[in-house]
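One structure below.
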Amino acid sequence: METKLEHFKSGVIQELPLQIGVFPFGLIYGILAIESGLSLLQAFLMSSIIFAGASQIVFAQFYLVVSPFSLITSIISINLRHLLYGISINEYLKELSLKWRIILSYLLTDEAYAISIKYFATKKNKKFMHYHLLGSGLTLFLTWQISTLFGIFFGRLIPENINLAFIIPLSFIAIITPMIKQKYEIIACLASGILAILFYKLNFELWIIFSALLSLLISLPFIQKDNSQ
Amino acid sequence: MSVWYLIFLCGVLTFLIRFIPLSGLIKFKGSELYLKVINLIPIVVLTPIIVQALFFDRNDNLIESVNFEIICGFLAILISILFKNVMTTILLTMLIFLILTNIHYFNG
């Protein structure tokens, strides 16, 4: 049976390769945050207060041009996927104390979830397993803080012809493509993509929510059909 | 609303979204339909963000011709299907994207 330290080290080691993709993401956030007019302290501390890449980028891009309500609803909609992560990972963490669940909730990011849920599913002995998520989560947290600082202070040194921002949609493609297997999932994806194009010009702060909710409605009959088969 | 308030509010909301399923306060044992709808959320939320990055230019206009972003976006889907690995998809596609967008430097 693995010790706490062995689980923790596994989490750190397995999370490390993903940091190659996370670092430029943090760098981009740091650059955007400063360019958008946030102070150094606001830009840096947001990485620990919110600690959610896409949300922070949306915040930095839109906080001056949309209402607080629109900004908050956009950030909620972007983070809704974490509900799903929580539901699935809760199966392995429900025996933990409240203190642990608070710490691990804070560290539950896309990359930490992806690494740790795979690890949890392969382990029969669940004792101390949560140290793996602590290791993967803390690794990502540290990379995120360091890369934010680099973006804030050295972002301008990056040549303009290197479009690192393109890593963001690429990361999202890499995350969602393996999730799309069923017919209703393909329909939902296509519908939300087409609706995003239709709604984008109408009201840019609501295009994500409108596209997401309508595409869920469109795919409902196909889910029901899938259930009945 | 002050920027600091907004940052803290967004931080609290982000944390709550992550914490609620782990809190044990709400039982998420829903119907099969409910679980399938919940499973679709990442797809329907992230796809519009991808579409915006691939199909709209810096001035928020729908692009009218195929560009390197679109080519590499579709390439990323193919690589992701083939390798089923987030890092491989990002690194391979980004490498191709950087070569394509800077090819004039190589040609002198």
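If I stretch the segment between A:LEU142 and A:LEU64 completely, what's the gain in nm (0.36 nm per residue apart, minus their alpha carbon distance), one decimal? Mind dumping the intermediate values first?
Values: separation 78, 0.36 × 78 = 28.08 nm, distance 2.82 nm.
That pair, A:LEU142 and A:LEU64, stretches by 25.3 nm at full extension.
Which pairs in the list A:LYS123/B:LYS36; A:LYS118/A:LYS181; A:LYS181/A:LYS225; A:LYS4/B:LYS27; A:LYS126/B:LYS84 are over 24 Å apart, alpha-carbon to alpha-carbon?
Values: A:LYS123/B:LYS36 26 Å; A:LYS118/A:LYS181 18 Å; A:LYS181/A:LYS225 15 Å; A:LYS4/B:LYS27 29 Å; A:LYS126/B:LYS84 27 Å.
Where the Cα-Cα span goes over 24 Å, the pairs concerned are A:LYS123/B:LYS36; A:LYS4/B:LYS27; A:LYS126/B:LYS84.
Counting only protein heavy atoms, what percent of the accessible surface of the range B:28-106 is carbon or sulfur at a 1.4 Å probe?
Values: 3000 of 4430 Å².
That fraction is 68 percent.
Mind ranking A:105-117, A:15-27 by how tightly packed they are, going by the mean number of other C-beta atoms within 10 angstrom, highest first?
Put in order of decreasing packing, that is A:105-117, A:15-27.
Order A:TRP207, A:TRP100, most accessible first, counting only protein heavy atoms with a 1.4 angstrom probe.
A:TRP100, A:TRP207
Over all directions, the average projected area of the alpha-carbon convex hull for the range A:132-177 comes to how many nm²?
Mean projected area of the Cα convex hull: 4.3 nm².
Across peptide B:74-85, what mean number of C-beta atoms from other chains lies inside 10 Å of a residue's C-beta?
For peptide B:74-85, the averaged partner shielding equals 3.
What spacing in nm lies between the two simple spin-label points modelled at B:VAL3 and B:ASP57, each 7 Å away from Cα in the Cβ direction?
If labels sit at B:VAL3 and B:ASP57, their model points lie 3.0 nm apart.
Per-residue mean of other chain beta-carbon atoms within 10 angstrom of the beta-carbon, peptide A:22-32?
If you average over the peptide's residues, the count of other-chain Cβ atoms is 0.
Under 5 Å between amide hydrogens, which residues at least 5 positions from B:PHE56 or on another chain qualify, with H placed 1.01 Å from N in the peptide plane?
Amide H neighbours of B:PHE56, under 5 Å, 5+ apart: B:ILE63.
Excluding residues on the same chain fewer than 8 positions from A:LYS183, give the aspartates and glutamates whose Cα lies under 18 Å from its Cα.
A:ASP226, B:GLU32
Mind checking the dipole of the protein assembly as shown: about its Cα centre, +1 per Lys or Arg Cβ, -1 per Asp or Glu Cβ, Debye to the nearest 20?
1200
When averaged across all projection directions, what area in nm² does the alpha-carbon convex hull of the range A:54-144 cover?
6.5
What's the ranking of A:211-220, B:2-11 by average number of surrounding C-beta atoms within 10 Å, highest first?
A:211-220, B:2-11
Which one, A:ASN163, A:HIS130, A:SER55, projects farthest toward the positive side of the charge dipole computed for chain A from Cβ point charges (K/R +1, D/E -1)?
Toward the positive end, the furthest listed residue is A:HIS130.
Would you mind computing, in nm to one decimal, how far apart the modelled labels at B:ILE26 and A:LYS183 are, each placed 7 Å from Cα along Cα→Cβ?
With each label placed 7 Å out from Cα toward Cβ, I get 3.2 nm.
Working only with C-alpha atoms, what are the Rg and Dmax values of chain B, expressed in angstrom?
Final numbers for Rg and Dmax: 19.8, 63 Å.
With a 1.4 Å probe and all protein chains in place, put A:HIS130, A:HIS7 in order of accessible area, largest first.
So, going from the largest accessible area down, we get A:HIS130, A:HIS7.
Counting only other chains, what is the mean number of Cβ atoms within 10 angstrom of the Cβ of each residue in peptide A:9-20?
1
Taking the highest mean first, how do the peptides A:170-177, A:149-156, B:73-80, A:29-36 order by number of other beta carbon atoms within 10 angstrom per residue?
A:170-177, A:29-36, B:73-80, A:149-156
Could you work out the mean projected area of the convex hull around the alpha carbons of the range A:180-228, in square nanometres to one decimal? Let's see the in-between values first.
Numbers: hull surface 12.4 nm².
Spelled out: convex hull of the Cα atoms, projected over all directions, averaged, 3.1 nm².
Specify whether the C-alpha gyration tensor of the protein assembly as shown places it in the rounded, prolate or oblate class, a ≥ b ≥ c being the square roots of the eigenvalues: rounded for a/c under 1.5, otherwise prolate if a/b is larger than b/c and oblate if not. Intermediate values should be presented prior to the final figure.
Working: a/c = 1.35, a/b = 1.16, b/c = 1.16.
Verdict is rounded for the protein assembly as shown.
Using just the helices of chain A, give the 222 nm mean residue ellipticity in deg cm²/dmol: DSSP H runs with n ≥ 4 each add -39,500 (n - 2.57), and the total is spread over all residues, rounded to 500.
-24000 deg cm²/dmol
Let me make sure I get this right: for the range A:117-227, a, b and c are the square roots of the gyration tensor eigenvalues over alpha carbons, sorted descending. Under 1.5 in a/c it's rounded, otherwise prolate if a/b > b/c, else oblate. Which is it?
The shape class here is oblate.
The values are calculated or read from the model by the stated rules, or taken from the named source; none is laboratory data. Model, not experiment: these values are computed from the prediction. We place every Cβ from the backbone using ideal geometry, glycine too, and count neighbours over all the protein chains shown. All accessible areas refer to the heavy atoms of the entire protein, side chains included, with ligands and DNA or RNA removed. Shrake-Rupley method; radii C 1.70, N 1.55, O 1.52, S 1.80 Å.
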